[in-house]
Amino acid sequence: MLLLRTVRAVHRPLPMPCRLSVVSRFYSSPANAYEITETETRVNGQSIPRDAQTNVSPTVLSRMNRNLHLQPQHPISIIRQLIESHFTGFKTFNDLSPIVSTRQNFDDLLIPLDHPSRSRSDNYYFNESTLLRAHTSAHQHDGMRSGHERFLITGDVYRRDEIDASHYPVFHQMEGFAYFDQATVAKQVKEEMTHKDAPNVRVVDDTTFSDENPVQQCHTQDMVEPVAAHLKHSLNAMLRKLFADEPDLEVRWIQAYFPFTSPSYEVEIKYKGEWLEVLGCGVVRQELLNQAGLHDKIGWAFGLGLERLAMVLFGIPDIRLFWSQDERFLSQFTPGHIQKFKAFSKYPPCIKDISFWLPENKWQENNFCEVVRDVAGDIVENVKLIDDFVHPKTQKRSLCYRILYRSMDRNVTHEEINAIQDRVRDVVEKEFAVTLR
Ligand code: DAH
């Protein structure tokens, strides 16, 4: 269900001897300061008690407050501004705190208690009732109650994930929301929809209302048709505008499922021969509007991933570049303009393997990646499983991971990487009770 996914030139790895043995550590980076004690996490002036559910890590806490979406020259911010200028009349919220409750992130959105998207291995929990938002949809309820009929919410979102060129545990989403009077929606939408053709963008949409993607029982088809048409029109027009300079863009609408919308859709764009999902959207479940006291309204919502769009539009090959402080990156961009990124030379990599016997057969790769990232920071470009075998006699399972270290901003020395790798080995051994080989 859940999709999409600054400071100075050098990003040094964070000091992190072992998460379990940390009694009290104070971390500070130019953008952010936070403290982790045995009993609480202190960040942004809040003290949040820790419990058995706690799994926020120094790496993600150090990314809070970087606010890439607010730096005028940053590609994420440039796209945000271009989209905001397309959605005229929408109230914008760009500085809502990423620390949210499980009610906001899940319950308000009708996400069932046993839904996998709530799992500890996918999220960063401060404790059992507080987490770093996993999507900007966490603010839909507050947006509806703000008194604005149309709004956009942009912010950083957090998900535990693997490490590679297109996955990073922090990324940015924009949420869009609009509602109408149920009684007059058809007329209102007709007045607003002015069709503009753009030959460079081909939109394929064969979605229909169906049993798998139904109109909600409390709605009539006459209400939902104009809302869905307005949603599709608004998003297609936005994509046409963003991709105005692309010679030939293919966009397709497919049916989807989200607990908070019905009917639901996803929009994909064709990029380098592959369909890339860029947003989810749909007609808002009436329970959500009712909870906010908007019983006689009907609405649509969307959530889009800004990094995905930015990677395509600016031709940015690696998601880590968004976090780079290298002048050669940021100086390339100008507010209000989409221009192709010109690659600058990469620094050489340093590759290290780590192999170990597991104490039992269960293994959570996300948690392993997380530990590697916590110890080594952004210097980790890639973590890949290269060997997985079970000993025929002992039935013990052995894994080997290859870690590629490379800085975005500077040359790394062998001594430095050896020291980091030693720390990775130490922490992995303690945290997962593995036997190193
Ligand atoms: N929150 C969803 C996600 O992160 C995206 C999304 C889907 C947002 C549908 C919406 C929506 O507002 O209506 O995967």
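The values are calculated or read from the model by the stated rules, or taken from the named source; none is laboratory data. Keep in mind that what you see is a predicted model, and the values were worked out from it rather than measured. Quick reminder, even Gly has a Cβ in these numbers, built from the backbone with ideal geometry, and neighbours come from all protein chains shown. Surface accessibility is based on the protein's heavy atoms, side chains included, excluding ligands, DNA and RNA. Shrake-Rupley method; radii C 1.70, N 1.55, O 1.52, S 1.80 Å.
Things to note:
- An oblate overall shape is assigned to segment 27-148, the ratio a/c of its alpha-carbon gyration tensor axes (a ≥ b ≥ c) being 1.5 or greater and a/b not exceeding b/c.
- Considering only Met193, Val204, Ser117, and ranking their Cα positions along the charge dipole of segment 75-219 that arises from unit charges at the beta-carbon of Lys, Arg, Asp and Glu, the one farthest toward the positive end is Met193.
- Averaging the Cα positions of each part gives two centres, and for segment 220-274 and segment 97-132 these lie 27 Å apart.
- Cα centre as origin, Lys/Arg/Asp/Glu Cβ charges: segment 196-315 dipole, Debye: 320 debye
- Cα-centred dipole magnitude for the chain, charges only on beta-carbon of K, R (+1) and D, E (-1), debye, nearest 20: 1060 debye
- Within the accessible area of the chain (1.4 Å probe), percent carbon and sulfur: 49 percent
- Difference of contour (0.36 nm per residue) and Cα-Cα distance, Thr220 to Ala433: 71.0 nm
- Charged side chains reduced to their Cβ positions (Lys and Arg at +1, Asp and Glu at -1) give segment 375-437 a dipole of some 400 debye around its Cα centre.
- For the chain, the fraction of alpha-carbon pairs in successive 10 Å shells from zero, as %: 4, 20, 29, 25, 15, 6, 1, 0
- Compactness relative to 2.2 N^0.38 Å, alpha carbon Rg of segment 350-436: 1.12
- Neighbour cut-off at most 10 other Cβ (10 Å), DSSP loop, GluC sites (Glu not before Pro), segment 329-419: Glu360
- Normalised per residue, the accessible area of the chain is 43 Å², obtained with a 1.4 Å probe and no contribution from ligands, DNA or RNA.
- Distance in nm between pseudo-label sites at Glu274 and Asp387 (7 Å out along the Cβ direction from Cα): 2.8 nm
- In percent, rounded to a whole number, the relative contact order of segment 386-431 is 23, using alpha-carbon pairs under 8 Å and six or more apart.
- Over segment 350-436, Cα pairs under 8 Å with separation of 6+ residues give a relative contact order of 42 percent.
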